[in-house]
Amino acid sequence: MNIIEESFKRLYPDREFNYDTQINYSGKFQPFNANVRFRSNKITLNLSKQWKTVDSEIKIGLIQEMLIKLFKSKKHTKNMDMYNTFIKKLHTFVPKTQSDPVLEASFNRVNNKYFSNIIEQPNLKFGQESFTKVGSYSYASDLITISSALKHDYELIDYVMYHELLHKKHQFKNKNGRNYHHTTLFRKKEKEYENSELMEERLKRLKKQKSKIFKFFN
Ligand SMILES: [Zn+2]
């Protein structure tokens, strides 16, 4: 029995497993990322190469997380708990290979002002020029991505940086197999940012600006 079938059997003990399977390890992914494809009855898992040496009980948790998304079912297992605990600790040993002078300066300002410099610098990069998704934090890669749409607005970069660093610091709550990222505590902390309401207004304006440009070209 391969690891995909094993993960499936533990998740759905009453169901028959009649799929083809394939696992690819790739060096192209961000560290510890993964995705799943399902085509003509074949389940293909693409995992970043770092997963190769991870304990198989944790890997089963990862695969089960992907399987419940694939089969759109709600399940919660011990392996999934192990996987989530693993992901939460990952940031301490993920290699720090990506940075950018503008984002590093922003990180240092925000870390100093709001976190007493206790947060370890994550990977930092500018992503696509998105006006709706202005930032994200990947636990698995310990990577903060800031939209290139903010490239020239250092104040907004700092505000979004603060939001993403709150994710790194407070992580997520897991309840009944669902992950909660923007908890009440998170929202409370978010409002502690100086002029947070003004910053929210400016982000809203930025989104509207984009839709105007979009209309102009239509
Ligand atoms: Zn968020």
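The values are calculated or read from the model by the stated rules, or taken from the named source; none is laboratory data. Every value quoted in this text rests on a predicted model; they were computed, and no experiment measured them. Note that each Cβ is placed from the backbone with ideal geometry, even for glycine, and that neighbours are counted across all protein chains shown. Side chains are part of the model used for accessible areas, which takes the heavy atoms of the whole protein and leaves out ligands, DNA and RNA. Shrake-Rupley method; radii C 1.70, N 1.55, O 1.52, S 1.80 Å.
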Using only the alpha-carbon atoms of the chain as identical scatterers, what base-10 log of I(q)/I(0) does the Debye formula give at q = 0.08, 0.12, 0.17, 0.19 Å⁻¹?
-0.36, -0.76, -1.19, -1.33
Which sequence of HIS182, HIS152 reflects their accessible areas, 1.4 Å probe, from the largest down?
HIS152, HIS182
Sequence of SER56, SER48, SER116 from largest to smallest accessible area, 1.4 Å probe:
SER116, SER56, SER48
For LEU198, solvent-accessible area (1.4 Å; no DNA, RNA or ligand), Å²:
100 Å²
Quick numbers on region 77-124, Rg and Dmax over C-alpha atoms in Å, give 14.2, 42
Any residue on another chain or 5+ positions along whose placed amide H is under 5 Å from the amide H of PHE126 is listed here as ILE146
Stokes-Einstein D for region 38-96, Kirkwood Rh over Cα pairs, 37 °C, 0.692 mPa s (µm²/s):
260 µm²/s
What range in the chain is the longest one free of trypsin sites (Lys or Arg not before Pro) that are in a loop by DSSP and have at most 15 other Cβ atoms within 10 angstrom?
152-218
Between region 40-92 and region 114-154, what is the separation of their alpha carbon centroids in Å?
25 Å
Can you send over the solvent-accessible area of TYR25, 1.4 Å probe, protein chains only, in Å² to the nearest 10?
80 Å²
Angle between the chain longest axis and helix 56-70 axis [Cα atoms, degrees, rounded to 10]
80 degrees
Accessible area, 1.4 Å probe, largest first: how do THR132, THR77 sort?
THR132, THR77
Tell me the relative contact order for the chain as a rounded percent, counting alpha carbon contacts under 8 Å between residues six or more apart.
14 percent
How high is the relative contact order of region 62-186, in percent, with contacts defined as C-alpha pairs under 8 Å that are six or more residues apart?
22 percent
Of all the Cα-Cα pairs you can form in region 89-184, what percent are over 20 Å apart?
34 percent
Note, ³J(HN,Hα) from phi for region 94-100, Karplus 6.51, -1.76, 1.60, rounded to Hz, x at Gly and Pro
5, x, 9, 10, 10, 8, 7
Could you give me the percent of Cα pairs per 5 Å distance bin for region 149-189, shortest bin first, beginning at zero and ending with the bin that holds the maximum distance?
6, 22, 24, 18, 15, 10, 5, 2, 0
